[in-house]
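One structure is given here, and the rest of the page talks about it.
The values are calculated or read from the model by the stated rules, or taken from the named source; none is laboratory data. Since this is a predicted model, take the numbers as computed values, not measurements. Virtual Cβ from ideal backbone geometry, glycine too; neighbours counted across all protein chains shown.
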Amino acid sequence: MKIAIEELAGCSGCTIAVLDLHEMLLDVVAEAEIVYSPVIMDVKEPPEGIDIAFVTGAVRNEENRERLEKIRKRAKTLVALGTCACYGGISGLSMLNSNVDLFSCVYREVETVKPDGVIPTDVPPFLYRAFAVGDLVKVDYYVTGCPPKEAFLKKIIPAMVAGDTLELSRKSVCSECDRIMGPVENWTLKRRHEGVPDREHCLLGQGYLCLGSVTFGRCAATCPKNNIPCHGCNGPSLDILREPCRDIHGMMVRRISDLTDKPQKEVEKEFYDVAHTMYAFTIGSLIMEDKETSKIRDLVKERSK
Amino acid sequence: MKEITISPVTRIEGHAGVRIFLNDRGEVDSAHFQVVELRGFEKFLIGAAIEEAPRITPRICGICPSAHHLAAAKATDQIFGVEPPATGKKLRELLNVGQFVHSHALHFFMLAAPDFILGHDCPAESRNVIGLARQSPEIAKKAIAVRKFGQRLTEAVGGKPIHPANALPGGMSAPLTEGKRAELAVMADEALGIAREGWDLARNLLDGVDTEIGAVRTGFVGMTNQGVYSTYDGSAAMLGPDGGRVGSFSGPEYTNFIEEYSEDWSYLKFARFKGGDYYRVGPLARLNIVEKMGTEHADAALAEYRERFGTGTQAALAYHLARYIEFIASCERAVQLLSDPGITAPDIRTPVGAVVNRRGVGIVEAPRGTLIHDYTVNEAGIIERCNLIVATCQNNYAMDRGVEDMARRVVENGALTEAAANRIEMIIRAYDPCISCATHAIGKMPLKIECVRRT
Ligand code: SF4
Ligand code: SF4
Ligand code: SF4
């Protein structure tokens, strides 16, 4: 079994997550041969005849796209590893600005650079937008998570290497959360840092924008258990993925409205910074953007003006 | 013009390249370190609520996410005008310690050591941690064990081993439980044991290696708490290229001392002192700056190191030893903090109200060097301006010059063998560049080596 890991525009966290198999790593490399992974080894090009290629990161520039196409051709099975590869991830937030503005900010506008700073051109050019891996090539498996969590990888990687199939949880973060729904009165939306939430009750019910109900689980609801609202880093929950008319923003509005008896229009008015609080991990995904009720198109339009 | 490309540079975090220009006699005319990606955090954070910064910016880097998390959290404290309670501060320091343990162990044992232990003539396919595991399974197992401790510590304190989320304006969101503390304390003792045993290996690693290679002369920047080694609290001291103290900064005044510029051929910016002197950050810089490490075994190692390299060294390969000494210091500090009875106290968070200051600058030491997060917000706490200065950008010049120095030594008859290319990469690896961090600005940097013959 020949395995490869390719990294596109991301943070290498997904590769580190694979190293976080810790001792199990030795068992995996006893069963399978890692033939290409630039972060940990010197092979410069993915060889032919790869059985499983894990691709992490989003596609942001020409070089990313070429590498993705190459590894797709050379691999029998391609796994989009992590939320960037699956839905664009945090890198997708760059969709909020035009490339020109992005470059101008970095090389000319931040305080430590001069207004006439050089904007690099002798470098791989940017694509006009960010893409998730599945927007451009056929993906065989999606493994979400920013990065995918250790316990989850410990389940799936040995199974993949052995060629086994697995029954996996399809539940949302809420179903892994230990909080109970207390009384919900005079609900108003709080910023995530306001006040100190009580540890027993649902954060959403307390007014915090917790995305647990619209987010795929498999992280053991880590954040709510640490007394912070879910930010949606595992990507959209299965019901949102399945139904073309369901979207993160729309589902949150509906859920809060049911919870609080506030009309949906009123709920929507309380939201702020929808791009960074609701679509932080999915904005660079055509699959999410193409949903009928998605707010992504508006956000991109509004901000890139 | 002849062009040879080797890409990407491997066993570094992210994508980057090297370009070597040859004259018509096949000699090196010039060479550059090139970074080919960018992601754009400085721009796309504008418009975000400031409290999101500690959750978004860890995604700049999956290897040192805690440093970004903490730099952003420190900036939010200033913006809301609060100080975390004592335990909150200790937990944050512990989080950074976990980061250093994992990152330094990863770099030393898994990314850099194969060059020294397996050697350049080892085939490229096995000159890596897997090859190391075959040849020296004991080293590999120990490396896995200490890195695991670092990640477990980060997870227990920060909520997750990668992209921790528990630091927030005013402190931390969850206390460390007694059960976890006890479990981690046992692991910390074991990790310190491994770190101490490994000193023999580390100390001898550079024996017979020419430490003049990759030569460059620069100043240094690194944090210290009154002369003592510190990664979370203190001010950043600046040394000039002659070793003399230039000054220090701990907040917005960094802009009086540091400037950045860009070149056409790299997405990665270059940082230098205003006035033109270059400087470096990271283990070498920090050890040049501090008077002592403040822990027993690291101080003993520092004394040996100084016997060999003096009190201020410019040698790029000394980074490896300096990094190892920091690794020992981090394990010792973990043991100390985990046996502090205050560490499990429930008082970890100071509640915050409205925006008090429109600007917050968070500075911490990341494993690769001084990290600066600078945010300006409006009255509602929405980010209006953001500047992020990462270690790799501050070491960019030194890597760039080191690459040229090495290229001159190893390019023969206008050609570069695989082993020679690896020697060039070794110089880059000494800095443990984090290309993801470096390219926070828009993508990631593929490190490429290309030779261009000028006719
Ligand atoms: S999914 Fe998260 S961890 Fe993985 S590369 Fe993207 S930002 Fe990094
Ligand atoms: S909304 Fe958040 S706090 Fe509430 S049950 Fe779901 S995950 Fe838990
Ligand atoms: S709780 Fe939400 S933000 Fe936290 S790890 Fe799980 S999916 Fe990610």
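A compact table of results
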| read-out | value |
| --- | --- |
| Close pairs (6 angstrom Cβ cut-off, 6 or more residues apart or separate chains): touching a residue at least 60 places away in the same chain (Cβ under 8 Å) in the range A:17-28, buried (at least 16 other Cβ atoms within 10 Å of the Cβ) and polar (S, T, N, Q) anywhere | A:Asp20/B:Gln151 |
| Where A:Asp42 falls short, out of the listed (1) away from ligand 3 (no atom under 16 Å from the Cβ); (2) more than 16 Å from A:Ile5 (Cβ to Cβ) | (2) |
| Yes/no for A:Ile156 being among the aliphatic types (A, V, I, L, M), at pLDDT 85 or above and more than 24 Å from A:Ile248 (Cα to Cα) | yes |
| Cβ pairs under 9 Å, 6+ apart, first in the range B:40-61 and farther than 15 Å from B:Ile382 by Cα, second modelled with pLDDT under 95 and aromatic (Phe, Trp, Tyr) | B:Gly40/A:Phe103; B:Thr57/B:Phe41; B:Arg59/B:Phe41; B:Ile60/B:Phe41 |
| In the range B:233-274, the residues that are in contact (Cβ under 8 Å) with a residue 24 or more places away in the chain, away from chain A (no Cβ under 14 Å) and farther than 28 Å from B:Glu93 by Cα | B:Gly240, B:Pro241, B:Gly243 |
| Matching entry among B:Arg323, B:Arg333, B:Arg306 (being closer than 18 Å to B:Pro283 by Cβ, part of a helix (DSSP H, G or I), of a type in the set (D, E, K, R) and free of Cβ contacts under 8 Å to residues at least 60 places away in the same chain) | B:Arg306 |
| Residue match in the range A:268-289 (condition: without any contact (Cβ under 8 Å) to a residue 12 or more places away in the chain, part of a helix (DSSP H, G or I) and not small (Gly, Ala, Ser)) | yes |
| The range B:275-304, residues that are closer than 18 Å to B:Ala366 by Cβ and within 14 Å of chain A (Cβ to nearest Cβ) | B:Tyr279 |
| Within the range B:347-394, strands (runs of 3 or more DSSP E) holding 1 or more residues that are facing chain A (nearest Cβ under 10 Å) | B:369-377, B:383-389 |
| Candidate set: the range A:38-60, residues that are of a type in the set (D, E, K, R), at the interface with chain B (Cβ under 10 Å from one of its Cβ atoms) and over 26 Å from A:Tyr279 (Cα atoms); chosen: the one surrounded by the fewest Cβ atoms within 10 Å (Cβ to Cβ) | A:Glu45 |
| Single residue of the range A:158-178 satisfying the filter (surrounded by 15 or more Cβ atoms within 10 Å (Cβ to Cβ) and within 18 Å of A:Phe216 (Cβ to Cβ)) that is nearest to ligand 3 (Cβ to nearest atom) | A:Val173 |
| Odd one out for B:Gly26, checked against (1) farther than 19 Å from B:Ile382 by Cα; (2) assigned to a helix (DSSP H, G or I) | (2) |
| Residue among B:Ala124, B:Ala105 that is outside any helix (DSSP H, G or I) and either of a type in the set (A, V, I, L, M, F, W, C) or closer than 24 Å to A:Ser12 by Cα (or both) | B:Ala124 |
| Number of the exception - B:Ser136 against (1) within 12 Å of chain A (Cβ to nearest Cβ); (2) at pLDDT below 95 | (1) |
| Subset of the range B:137-155 (residues that are over 20 Å from the mean Cα position of the chain (by Cα) and either hydrophobic (A, V, I, L, M, F, W, C) or surrounded by fewer than 17 Cβ atoms within 10 Å (Cβ to Cβ) (or both)) | B:Pro137, B:Glu138, B:Ile139, B:Ala140, B:Lys141, B:Ala145 |
| Of all residues in the range A:61-108 being more than 8 Å from chain B (Cβ to nearest Cβ) and free of Cβ contacts under 8 Å to residues at least 24 places away in the same chain, the one that is nearest to ligand 1 (Cβ to nearest atom) | A:Glu66 |
| Test: B:Gly88 is at pLDDT 80 or above, touching an Asp or Glu at 6+ places or on another chain (Cβ under 9 Å) and under 22 Å from A:Val110 (Cβ atoms) | no |
| Residue within the range A:196-211 that is basic (Lys, Arg) and within 23 Å of the chain's Cα centre (by Cα) present | no |
| Boolean, A:Gly217 is within 14 Å of chain B (Cβ to nearest Cβ), in contact with a Lys or Arg (Cβ under 9 Å, 6 or more places away or on another chain) and surrounded by 21 or more Cβ atoms within 10 Å (Cβ to Cβ) | no |
| Qualifying residues in the range B:30-62 (those that are small (Gly, Ala, Ser) and either more than 8 Å from chain A (Cβ to nearest Cβ) or out of contact with any helix residue (DSSP H, G or I) (no Cβ under 9 Å at 6 or more places or on another chain) (or both)) - the one farthest from A:His276 (Cα to Cα) | B:Ser30 |
| Helices (runs of 4 or more DSSP H) wholly inside the range A:1-104 that include at least 1 residues being in contact with a Ser or Thr (Cβ under 8 Å, 6 or more places away or on another chain) | A:13-19, A:83-87, A:99-104 |
| Qualifying position, being among the aliphatic types (A, V, I, L, M), in a loop (DSSP other than H, G, I, E, B) and more than 8 Å from ligand 2 (Cβ to nearest atom), among A:Leu203, A:Leu168 | A:Leu168 |
